[in-house]
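Values in this text are rule-based calculations from the coordinates and carry no lab data. This is a predicted model, so every value here is computed, not measured. Methodologically, a virtual Cβ is constructed for each residue, glycine included, from the backbone with ideal geometry; neighbour enumeration extends over all protein chains shown.
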Amino acid sequence: MATSVGRAALWTYLLVAFVALPIGIPLAVRAFEPDRRRRWLMDVFAAIGLVVGLYLFIEILRGPIDARLAPHHLAYSAPMSHGLIVTSLYVVAVCGALLLSSYRHVVIFGIANLIAVAILARLTIDGFASLWCAYAAVASGAIAAHMRWGKTTHERARLQNAV
């Protein structure tokens, strides 16, 4: 039972981290971008994300895939030729659309992601996917808190004018 649960968790993680994120992040950022020209430029990152996500999906289907416990992280392994190029394109797809956003806080988040990538890649290569996803989970919590409780300058001005 534990082995089948572990395999299901491994597949779920890899499908989200390796397939859904490089495709979904650029599309999500593009979806809320108000500037038509920037949306058009973000299509490039969405296309890169689609190619990377499909490539990684094929690679994990080919297998074998595995996860092992390493110091301070899980080390995921999946067959991948051209790993540096694929990883670089993954980062370009996920961070590129963020950096093109017309929203300053989204650009700052993109810069923070690039800094996190550089630090994590320097710390550990085999734990990169695991640790970047842990960082992404914390960042997602911060974004959710901001969306729930943060007020933009526009919203604060509107509330003050209503009084």
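If only the Cβ of Lys and Arg carry +1 and only the Cβ of Asp and Glu carry -1, the dipole of the chain around its Cα centre is close to 520 debye.
Just the ratio, please: alpha-carbon radius of gyration of the chain over 2.2 N^0.38 Å, N its number of residues. Walk me through the numbers before you get to the answer.
Working: Rg = 17.9 Å, N = 163, 2.2 N^0.38 = 15.2 Å.
Scaled against compact globular proteins, the figure is 1.18.
Shown is the FRET efficiency for Gln160 and Ala47, computed with R0 = 45 Å from the Cβ-Cβ distance and rounded to the nearest 0.05: 0.60. In the distance distribution for the range 15-97, Cα-Cα pairs more than 14 Å apart total 64 percent.
Computed per residue of the chain from DSSP H runs no shorter than four, each worth -39500 (n - 2.57), the mean residue ellipticity at 222 nm is -25000 deg cm²/dmol.
Between the listed residues Leu69, Ala121, Ile23, the Cα displaced farthest toward the positive end of the dipole of the chain, a dipole computed from Cβ unit charges relative to the Cα centre, is found at Ile23. Between Val117, Val16, Val51, the GNM of the chain built on Cα springs shorter than 10 angstrom shows Val16 fluctuating the most.
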